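Engineer: First the structure, then my questions, so here it is.
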Number of protein chains: 2
Amino acid sequence: MTRPRPLIAIDWGTSSLRGARLGDNGQVLESREFPRGILTVPPGQFESVCHELFGDWMQAPGALCLISGMAGSRQGWQEAPYCPCPAGFAELGQHLLWLQPGRIALVPGLSCTGQDDMQSPDVMRGEEVQIFGALQLSGRDNATLVLPGTHSKWVHVDSRRVAQFQTFMTGEVFALMSQQSILGKTLDLNGAFNEATFLQGVDQSQQAGGVLHHLFAVRTLGLFDRLSAAQLTSYLSGLLIGEELRTQTVHADSDPVILIGSETLTQRYSLALQHLGIACQCHGAEATWAGMFALSSACTHNGPFNP
Amino acid sequence: MTRPRPLIAIDWGTSSLRGARLGDNGQVLESREFPRGILTVPPGQFESVCHELFGDWMQAPGALCLISGMAGSRQGWQEAPYCPCPAGFAELGQHLLWLQPGRIALVPGLSCTGQDDMQSPDVMRGEEVQIFGALQLSGRDNATLVLPGTHSKWVHVDSRRVAQFQTFMTGEVFALMSQQSILGKTLDLNGAFNEATFLQGVDQSQQAGGVLHHLFAVRTLGLFDRLSAAQLTSYLSGLLIGEELRTQTVHADSDPVILIGSETLTQRYSLALQHLGIACQCHGAEATWAGMFALSSACTHNGPFNP
């Protein structure tokens, strides 16, 4: 086994940019975060922004820089074509898009094609690294993983390869309904999270009627003073997360679900999952760095780092 | 039977204001429409706006003026408390809120309470008049009625009384997703309606996965160039209308559903309903005037017009 090279891991998303310098065993030596998501970077400026913010790290002899997330999208640094599922470390390594051969690469997202004509394709960018990291951290080869967020992902991993996944627009629908729709008039978005009304929303979402109907209850429960403005926000959150849990078709076994995300979101999903009798375990930002380190190690063994 | 009094029917909604002067047999003698929904009227100014726009009609001897819609909401002229279901003409007449006794009244909306603790209350304002009008026009005593719109209503009428109804936020969710969400980036909202892709969306909505997942297909079908920007708009419309049809729990019999609304919307709902094997018949704005006329006739017989 060759000595690991200095690894710089960068997660460049739509609205934020995070980077970490990792040690020989994958430990985080230093990390940085900037409000410099790809939406803030003019076309053609990605390389200079990257050097401006991480240039000192990249000067280390033999440094390898892996960049995941929306930087590899059509609106990013350069488009890294999706790696089709089923995909594990090996497939991801083979699909790296080298910006500077052997030195800087974009990690591609994953795509999965529906099994029949009626099923639509699905895509992710950035989550794939977190998935492989969480598998490492939990020592699991098979798992259902959930990555809550603007576009929440449910992922089925079989023998350390992503077999299939589904995206849910839960986070974006929550933001739009709470800030832009008529429901916003009766919500207090700064109120404290209320576990009881959150779970009331989860329960309601499991009833007949569908989410387009249940959403209107946020208005009427306010009109009839059944819930306060702060409680209604938790109720809306429960309705939407509950709908996602009810309709996902990825999780089928009895093993604990692996949740990856911010503490706020994984706490809510944990509550809802456990309320519905599904065990789970949580991972945070460390999953990204663990995934990058594992990817770099696997690829160094397999050779594609010398393209 | 007393000779009918001149009837002025006003439908005062959130964003528009429509009025009609009706003849002895309910025929529309004259109608007017203004962009003067309740959102444009400062508190305390409703009476003067009404007289400014309809004062000439109201001077007719013995004229009766009935006003339905959001003018009777908390943000309107005066709050007319909801009339609880089951409710027919008699109940609606008894719950009129008289602004000038015997001359000007607000027609209350309807509320229905869930059958158990888990069911949320539901409300409508303005649609109740259209419902009773469409029943008159179609000669039906029992029916399922659908009123598509920003907040679509599914209504069960039993023996000429509204027994139960459900609201769906379909129109508002369509507007937000197409104009404010990431989906808007790949849509052409001015493109021609495409029946085939609309029905493709309806079909997709009947599949497993749920609407929060299916919505994301609007993005991926665009990313992979499977549908054009104009087709995607019809597809999104089909997805959401299809979800409403799939999850409503009001319609259970085999009689044709009565659709009430604009030509554009009733045409889409007709297509979707017929695609799913449900017969329907359509009514437009005439249902409002027919409902107001029937309400005034019924109430004149029953006496509550002399409060």
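Engineer: So which residues in region B:144-183 are more than 11 Å from chain A (Cβ to nearest Cβ) and farther than 18 Å from B:G242 by Cβ?
Structural biologist: Once the filter is applied, which keeps residues that are more than 11 Å from chain A (Cβ to nearest Cβ) and farther than 18 Å from B:G242 by Cβ, region B:144-183 yields B:L145, B:V155, B:H156, B:V157, B:D158, B:S159, B:R160, B:R161, B:V162, B:A163, B:Q164.
Engineer: Is it the case, given these coordinates, that B:A90 is touching a residue at least 24 places away in the same chain (Cβ under 8 Å), more than 18 Å from the chain's Cα centre (by Cα) and within 15 Å of B:R21 (Cα to Cα)?
Structural biologist: Considered against the rule, which asks whether it is touching a residue at least 24 places away in the same chain (Cβ under 8 Å), more than 18 Å from the chain's Cα centre (by Cα) and within 15 Å of B:R21 (Cα to Cα), B:A90 comes out as no.
Engineer: Sticking with this structure for a sec: With the requirement that a residue be without any contact (Cβ under 8 Å) to a residue 12 or more places away in the chain and either touching a Pro at 6+ places or on another chain (Cβ under 8 Å) or more than 8 Å from chain A (Cβ to nearest Cβ) (or both), what does region B:205-225 give you?
Structural biologist: Once the filter is applied, which keeps residues that are without any contact (Cβ under 8 Å) to a residue 12 or more places away in the chain and either touching a Pro at 6+ places or on another chain (Cβ under 8 Å) or more than 8 Å from chain A (Cβ to nearest Cβ) (or both), region B:205-225 yields B:T220, B:F224, B:D225.
Engineer: Could you check how many residues of region B:151-200 are of a type outside the set (A, V, I, L, M, F, W, C), closer than 21 Å to A:L239 by Cα and in contact with a Ser or Thr (Cβ under 8 Å, 6 or more places away or on another chain)?
Structural biologist: Within region B:151-200, residues that are of a type outside the set (A, V, I, L, M, F, W, C), closer than 21 Å to A:L239 by Cα and in contact with a Ser or Thr (Cβ under 8 Å, 6 or more places away or on another chain) number 8.
Engineer: Just checking, how many residues over region A:44-75 are touching a Leu at 6+ places or on another chain (Cβ under 8 Å) and among the small types (G, A, S)?
Structural biologist: Summing the residues that are touching a Leu at 6+ places or on another chain (Cβ under 8 Å) and among the small types (G, A, S) in region A:44-75 gives 4.
Engineer: Return the total of residues in region B:226-236 being away from chain A (no Cβ under 11 Å) and crowded, with 19+ Cβ neighbours inside 10 Å.
Structural biologist: 5
Engineer: Among the candidates A:L259, A:L239, A:L271, which residue alone is more than 10 Å from chain B (Cβ to nearest Cβ), touching a Gly at 6+ places or on another chain (Cβ under 8 Å) and at negative phi?
Structural biologist: Checking each option against the conditions leaves just A:L239.
Table: residues versus (1) loosely packed, with under 15 Cβ neighbours inside 10 Å; (2) in a strand (DSSP E or B).
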position: A:R5; (1), (2): no, no
position: A:D11; (1), (2): no, yes
position: A:S15; (1), (2): yes, no
position: A:R21; (1), (2): no, yes
position: A:G44; (1), (2): yes, no
position: A:H51; (1), (2): yes, no
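Engineer: Please indicate, with yes or no, whether at least one residue in region A:186-199 is within 22 Å of B:T249 (Cβ to Cβ) and modelled with pLDDT of 95 or more.
Structural biologist: No: region A:186-199 contains no residue that is within 22 Å of B:T249 (Cβ to Cβ) and modelled with pLDDT of 95 or more.
Engineer: So for region B:23-30 (the condition being crowded, with 20+ Cβ neighbours inside 10 Å and either at pLDDT 95 or above or among the hydrophobic types (A, V, I, L, M, F, W, C) (or both)), does at least one residue qualify?
Structural biologist: Checking region B:23-30: not a single residue is crowded, with 20+ Cβ neighbours inside 10 Å and either at pLDDT 95 or above or among the hydrophobic types (A, V, I, L, M, F, W, C) (or both).
The values are calculated or read from the model by the stated rules, or taken from the named source; none is laboratory data. Note that the structure is predicted; figures quoted are calculated from it, not measured. Backbone-built Cβ (ideal geometry, glycine too); neighbour counts: all protein chains shown.
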